[in-house]
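Reading through the structure tokens given below for one structure.
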Amino acid sequence: MTIKLLSRIDVAEGTIACNFQKPAGFQFKAGQSGDFTLINPPETDSEGNTRAFSFASSPNEPDLMIATRVRDSAFKRVLKTMPIGTALNLEGPFGSMTLHNNADRPAVMLAGGIGITPFRSMVVYAAMQRLSHRMYLFYSNRSPAAAAFIRELTELEKVNPNYRLIATMDDAAKLPGGWHGETGYINQAMLLKYLAKLDGPTYYIAGPPAMATALQKMLNEAGVNDDDIRSETFTGYS
């Protein structure tokens, strides 16, 4: 199906969000993704003209939104500069990293960098639908300026009393004096500051491959079964 670019904005250092026209009747679940293909782009490279992106928008928002780090690849250069109204091809939706149905089980989301996109979809959807799931979003970045959607994700706590954002920044030495959140990497001790116990929730992991692997290992070592962990990696950022 064909979609058109409606708008493009900066949402963090080196990160853009693109809003596209949602095709009539197009449906997806929060957390799913699609394959976006450039049509006759002005440049290309060996990586090709198609990329998979998680939908950062909620299914009940009017447009389709994706967000991405801007890297030095032909696809990203075209995406950053193509005129508003440019058409792309979309295939999907794909993926099974969607919110579980049993609202008695908390959802614990562990995001690194641009891995926030499927979780932005989930938490906005939960707020708009007034879902009763207890949701904890642990969001790791190197600095507040690099954290896409951080202000919006913070404000959502006022809308949904069942949702909690725990933002953490990697390098405490480089943080501005006004930062009062967590610092360092997401680990077992940080989780236990906010969760009564580690066994019981359904966990969702999205971020760079090394981070996703480390977090899954950490959860396994804490006694969390793989059946209770859903993971998605963002490889290459190209």
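Computed quantities for the displayed model
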{"read-out": "Set 113, 95: member being surrounded by 15 or more Cβ atoms within 10 Å (Cβ to Cβ), over 12 Å from residue 204 (Cβ atoms) and of a type in the set (Gly, Ala, Ser)", "value": "113"}
{"read-out": "Residue match in the range 32-39 (condition: of a type outside the set (S, T, N, Q), closer than 29 Å to residue 203 by Cβ, modelled with pLDDT of 95 or more and within 14 Å of the chain's Cα centre (by Cα))", "value": "yes"}
{"read-out": "Unique residue being among the aromatic types (Phe, Trp, Tyr) and more than 30 Å from residue 185 (Cα to Cα) when the list is 26, 53, 94, 119", "value": "26"}
{"read-out": "The one condition in (1) of a type in the set (S, T, N, Q); (2) crowded, with 16+ Cβ neighbours inside 10 Å; (3) not in a loop (DSSP other than H, G, I, E, B) that residue 57 fails to fulfil", "value": "(3)"}
{"read-out": "Residues that are in a loop (DSSP other than H, G, I, E, B) and under 30 Å from residue 141 (Cα atoms), drawn from the range 1-21", "value": "13, 14, 21"}
{"read-out": "Which listed residue, of 189, 196, 167, is among the aliphatic types (A, V, I, L, M) and within 18 Å of the chain's Cα centre (by Cα)", "value": "167"}
{"read-out": "Conditions (1) under 16 Å from the mean Cα position of the chain (by Cα); (2) outside any loop (DSSP other than H, G, I, E, B); (3) assigned by TED's automatic domain parsing to the domain that holds residue 9: number failed by residue 80", "value": "(1)"}
{"read-out": "Count of the range 90-101 residues which are in a strand (DSSP E or B) and β-branched (Val, Ile, Thr)", "value": "0"}
{"read-out": "Yes/no for residue 167 being farther than 26 Å from residue 34 by Cβ, in contact with an Asp or Glu (Cβ under 9 Å, 6 or more places away or on another chain) and free of Cβ contacts under 8 Å to residues at least 60 places away in the same chain", "value": "yes"}
{"read-out": "Every residue from the range 102-127 that is outside any helix (DSSP H, G or I) and in contact with a helix residue (DSSP H, G or I) (Cβ under 8 Å, 6 or more places away or on another chain)", "value": "107, 108, 109, 110, 111, 112"}
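Residues checked against (1) under 19 Å from the mean Cα position of the chain (by Cα); (2) aromatic (Phe, Trp, Tyr); (3) in a strand (DSSP E or B); (4) surrounded by 16 or more Cβ atoms within 10 Å (Cβ to Cβ):
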position: 43; (1), (2), (3), (4): no, no, no, no
position: 53; (1), (2), (3), (4): yes, yes, yes, yes
position: 61; (1), (2), (3), (4): yes, no, no, yes
position: 66; (1), (2), (3), (4): yes, no, yes, yes
position: 72; (1), (2), (3), (4): no, no, no, no
position: 88; (1), (2), (3), (4): no, no, yes, yes
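The values are calculated or read from the model by the stated rules, or taken from the named source; none is laboratory data. Because the structure is a prediction, the values reported are computed rather than measured. Because the Cβ atoms are built from the backbone with ideal geometry, glycine has one as well, and the counts that use them run over all protein chains shown.
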